[in-house]
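Structure, as structure tokens:
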Amino acid sequence: MRNLAGCWLLACAAVCCTLGVVSVPSASLGQSAGAPAGPASVLQGGLELIDPKVLRVCADPNSLPLSNDKGEGFENKLAELFAAKLGKSLSYTYYPESTGFVRNTLGSYRCDVIMGFPQGDDLVLSTNPYYRTGYAFVAKSDSPLIDVETLSDAQLKDKRLGIVAGTPPATYLVMDGLMQKAKSYPLVVDTRYDSSPLAMINDIKSGVIDAGILWGPLAGYYSSRANPPMHATLLLKEKGGPRLVYRIVMGVRPSDANWRRQLNQLIAENQPTINKLLLDYGVPILNEQDQRITADALTQKP
């Protein structure tokens with residue numbers, strides 16, 4: 001889950017690995033010092049390739065609010081938290097979340113965990129989910145569209161909406177007859193140089209489009225940082241098409257069951273801290289009843 005409008009995380013449910021077509025020479029990939037770099041090491045060194053002293057993370061170098069090579073994303077901060085809890089140092093293998101992301105990072109043993117991945121994708125072994133979110137409708141805060149909760153709302157019939165091509169909400173635009181006027185933004189971009197969510201936010205601000213639909217973490221992050229801030233509403237009432245809400249997990253290699261159990265324990269022990277971190281980045285998170293988890297709710301006892 002990543003710069004979901006460029007190479008983030010969801011295009012459908014396989015987001016993280018199918019989003020771009022960026023080629024990066026393997027020499028440009030970062031590696032943990034002293035860490036094994038290939039399958040041959042498995043035969044020599046055991047079943048699970050985890051450096052005992054280093055938390056080795058696979059990440060996109062420019063995919064805020066998730067990650068970047070300056071350590072500014074919430075997945076970076078989560079990795080820092082887990083490294084501290086494990087008593088390990090932290091290193092990254094950076095690769096644009098494009099075609100080949102899993103193969104060239106986790107799959108080639110250059111790192112040991114992808115910090116955000118949609119549950120149900122069989123490219124990785126999934127941990128337990130650590131947050132749940134969905135696609136969101138974004139509009140200016142003074143727009144009459146801020147009360148829109150579904151794309152079938154009659155207010156949208158004459159409006160021009162922004163949509164990232166190939167994402168699940170596009171199906172609803174077609175179903176509701178909104179695609180003809182819609183402006184499409186590319187799903188496949190090199191996140192080092194381009195940003196579909198930022199382009200969409202700028203178009204909403206300038207009036208090129210009336211509103212847009214973005215993946216929740218992107219919608220919350222960019223809308224809250226717009227000047228003036230914009231309004232983002234999760235789309236929880238759509239029916240008859242693909243799901244728009246997903247559980248997000250961490251991904252490890254299929255052979256790394258013990259590592260997965262360790263991560264599951266860390267998630268369970270640190271869930272309140274994780275929730276606060278996500279909310280600090282504007283990520284709209286949901287419980288299993290589709291209710292928003294708020295900062296106030298974090299201080300309340302169950």
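For the reader, a short list of remarks on this structure follows.
- Screening Ser255 against (1) surrounded by fewer than 20 Cβ atoms within 10 Å (Cβ to Cβ); (2) among the polar types (S, T, N, Q); (3) farther than 30 Å from Asp122 by Cβ leaves a single unmet condition, (3).
- Residue in segment 120-141 that is surrounded by fewer than 17 Cβ atoms within 10 Å (Cβ to Cβ), under 30 Å from Arg261 (Cα atoms) and modelled with pLDDT under 95 present: yes
- Candidate set: segment 164-183, residues that are closer than 28 Å to Pro228 by Cβ and in contact with a helix residue (DSSP H, G or I) (Cβ under 8 Å, 6 or more places away or on another chain); chosen: the one surrounded by the fewest Cβ atoms within 10 Å (Cβ to Cβ): Lys183
- Top-ranked residue in segment 184-215 [being more than 17 Å from Leu66 (Cα to Cα) and of a type in the set (D, E, K, R); ranked as surrounded by the fewest Cβ atoms within 10 Å (Cβ to Cβ)]: Lys205
- Every listed requirement among (1) touching a residue at least 60 places away in the same chain (Cβ under 8 Å); (2) more than 20 Å from Leu236 (Cα to Cα); (3) in contact with a Lys or Arg (Cβ under 6 Å, 6 or more places away or on another chain) is met by Lys181 save one, (1).
- Residue within segment 83-97 that is out of contact with any helix residue (DSSP H, G or I) (no Cβ under 9 Å at 6 or more places or on another chain), crowded, with 23+ Cβ neighbours inside 10 Å and modelled with pLDDT under 95 present: yes
- Selection of first residues in segment 95-106 that are over 15 Å from Leu64 (Cα atoms) and of second residues that are of a type in the set (Gly, Ala, Ser) and assigned to a helix (DSSP H, G or I), restricted to Cβ pairs under 8 Å at least 6 apart or on distinct chains, gives the following pairs, ordered by first then second residue: Asn104/Ser26.
- Which listed residue is in contact (Cβ under 8 Å) with a residue 60 or more places away in the chain and part of a loop (DSSP other than H, G, I, E, B), from Arg260, Arg243: Arg243
- Sole residue being within 19 Å of the chain's Cα centre (by Cα) and not aliphatic (A, V, I, L, M), chosen from Pro254, Pro229, Pro217: Pro217
The values are calculated or read from the model by the stated rules, or taken from the named source; none is laboratory data. This is a predicted model, so every value here is computed, not measured. Here the Cβ is made from the backbone with ideal geometry for all residues, glycine too, and neighbour counts use every protein chain on show.
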